[in-house]
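The values are calculated or read from the model by the stated rules, or taken from the named source; none is laboratory data. All values reported here derive from a predicted model rather than from experimental measurement. When we count neighbours, we look across all protein chains shown, and the Cβ atoms used for this are built from the backbone with ideal geometry, even at glycine. Quick note on the areas: whole protein, heavy atoms, side chains included, nothing else; ligands and nucleic acids left out. Shrake-Rupley method; radii C 1.70, N 1.55, O 1.52, S 1.80 Å.
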2 protein chains.
Amino acid sequence: MSLEISAAALRSLPAQVTKGVCEALFVEAEPYPETQAVAEIALDLQGIPGTRHYGFTRKAGPREPWYGRGMEMRSGRQITVISREELSAISAAMQVATVAPEWIGANIVTSGIPHLTLLPAGTRIVFAEATLVVEAPNAPCRIAGKAIARHLSPDSAPGGLDLAFPAKAKGLRGVVATVERAGTIRAGEAITVKVPPQTLWQSG
Amino acid sequence: MSLEISAAALRSLPAQVTKGVCEALFVEAEPYPETQAVAEIALDLQGIPGTRHYGFTRKAGPREPWYGRGMEMRSGRQITVISREELSAISAAMQVATVAPEWIGANIVTSGIPHLTLLPAGTRIVFAEATLVVEAPNAPCRIAGKAIARHLSPDSAPGGLDLAFPAKAKGLRGVVATVERAGTIRAGEAITVKVPPQTLWQSG
């Protein structure tokens with residue numbers, strides 16, 4: 001790459017398209033936030049029917065301390081997407097053999113999409129029948145950390161792997177997304193990622 | 001500013017907060033896409049009750065040629081926001097005295113927020129009672145161009161100002177947004193803009 005890239009060029013990128021694979025699908029199971037593998041999911045415009053995160057709206061929780069707890073708000077968290085490559089990076093950083101997607105609440109595991117967690121909001125993840133809109137990076141949470149600890153070292157005291165997860169998974173935790181086009185998504189199908197034009201915004 | 005900014009630093013920015021003012025508010029009027037000034041708007045989580053763009057979902061149209069016309073889809077277009085500064089830049093570029101926000105479908109006119117159209121998706125626009133989420137830049141369209149032509153040169157043939165608008169307003173047309181927190185917004189109130197951390201995503 002040239003060393004003479006202009007500052008302006010680095011601040012903007014045109015629209016990009018990349019391909020990946022929907023490796024696996026999961027729906028919620030007990031105890032929260034665990035999920036179980038399924039071959040396909042019929043998405044409607046509110047998400048996965050019959051599950052906790054289904055709905056155009058949801059109640060505000062600890063992620064939104066600036067709203068009153070329980071206030072009805074736009075959801076933005078219908079679907080959780082994580083990548084196989086970032087899961088591997090998390091387990092390497094935590095020095096454990098594996099972090100399974102079904103331990104931490106994932107609905108979709110992708111492969112082949114670099115830096116999934118960094119996909120900007122507004123990116124479309126296009127399946128054969130359905131389309132998702134990326135809303136935001138997912139925040140690593142201690143509930144998911146506890147689920148990992150339960151599987152990997154069930155007899156350990158709190159303060160180990162449960163805390164390591166939020167620390168080590170930062171920037172690798174995947175994204176939350178909303179359904180733009182309803183339809184059935186299937187494990188193993190090809191997906192197309194459409195990243196909109198990007199410009200870094202600065203107030204100065 | 002230092003000339004030795006690293007490429008990495010230019011590719012990422014931390015969260016930013018900036019202040020602005022809600023200068024004016026508008027709701028839809030006839031003929032489409034015109035709007036009329038109001039002192040306040042009571043937003044619910046689907047937008048502005050009783051108006052064309054109200055709803056969690058909408059029918060796909062010419063903006064989404066990849067979906068069948070009329071397919072029910074996630075809306076993302078409840079509210080249209082434009083800035084006084086960018087309206088001035090549009091009228092200067094079109095060499096006309098003014099482009100009024102109520103001619104082109106705006107619901108909210110801001111001042112004091114630089115480069116409103118470049119605000120990344122996921123940015124929160126926080127009012128005293130309500131919060132909006134920026135979804136995407138608005139695309140300049142020929143229907144709005146026709147509305148401008150109707151006001152500025154009602155006797156002119158098509159192919160003048162109606163076409164100049166989409167060409168000259170590119171990157172200045174404001175953003176479309178969704179309601180995250182319901183509440184009444186008021187002309188003249190202060191607004192806070194919360195821009196999330198940004199990193200340019202590249203597949204390479």
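Remark on A:T110: its backbone amide H falls under 5 Å from those of A:E23, A:I82, A:S83, A:R84, a criterion applied only to residues 5 or more positions apart or on other chains, H modelled at 1.01 Å from N. For the stretch A:15-197, the dipole from Cβ point charges (+1 on Lys and Arg, -1 on Asp and Glu) about the Cα centre works out to 520 debye, to the nearest 20.
Neighbouring Cβ atoms from other chains, within 10 Å of the Cβ of residues in A:190-201, number 5 on average. Here the Karplus relation 6.51 cos²θ - 1.76 cosθ + 1.60, evaluated at θ = phi - 60°, turns the backbone of the stretch B:84-98 into coupling constants of 4, 5, 6, 4, 5, 5, 5, 5, 5, 5, 8, 6, 10, 5, 7 Hz, with x for every Gly and Pro. The fraction of accessible area contributed by carbon and sulfur in chain A is 57 percent, rounded to a whole number (1.4 Å probe; ligands and nucleic acids excluded). Ordered from largest to smallest accessible area (heavy atoms of protein chains, 1.4 Å probe), the residues A:S75, B:S12 come out as B:S12, A:S75. Take each residue of peptide B:178-184, count the partner chain Cβ atoms within 10 Å of its Cβ, and average: the result is 4. Straight Cα distances below 22 angstrom link A:K170 to the lysines A:K146, B:K194, with same-chain residues fewer than 8 positions distant left out. For chain A, the longest piece that avoids every one of the GluC sites (Glu not before Pro) found in DSSP loops with at most 16 other C-beta atoms within 10 Å covers A:5-128. For the pair A:V21 and B:S156, a Förster radius of 56 Å applied to the C-beta separation gives a FRET efficiency near 0.55, rounded to the nearest 0.05.
Overall dimensions of the protein assembly as shown, expressed as equivalent-ellipsoid semi-axes from the Cα gyration tensor (√(5λ), whole Å, largest first), are 39, 23, 21.
Its Cα centre serving as origin, the protein assembly as shown has a Cβ charge dipole (Lys and Arg +1, Asp and Glu -1) of approximately 240 debye. Backbone amide hydrogens, once placed in the peptide plane, bring B:Q78 within less than 5 Å of B:A177, excluding anything fewer than 5 places away on its chain. Taken about its Cα centre, the stretch A:51-112 carries a charge dipole of roughly 340 debye when the Cβ of each Lys and Arg holds +1 and the Cβ of each Asp and Glu holds -1. Remark on the stretch B:100-131: accessible area falls by at least 50 square angstrom from chain-alone to full-complex state for B:L118, probe 1.4 angstrom. Across the options A:I79, A:P154, A:A164, the greatest Cα extent toward the positive end of the charge dipole of the protein assembly as shown (unit charges at beta carbon of Lys, Arg, Asp, Glu) belongs to A:A164.
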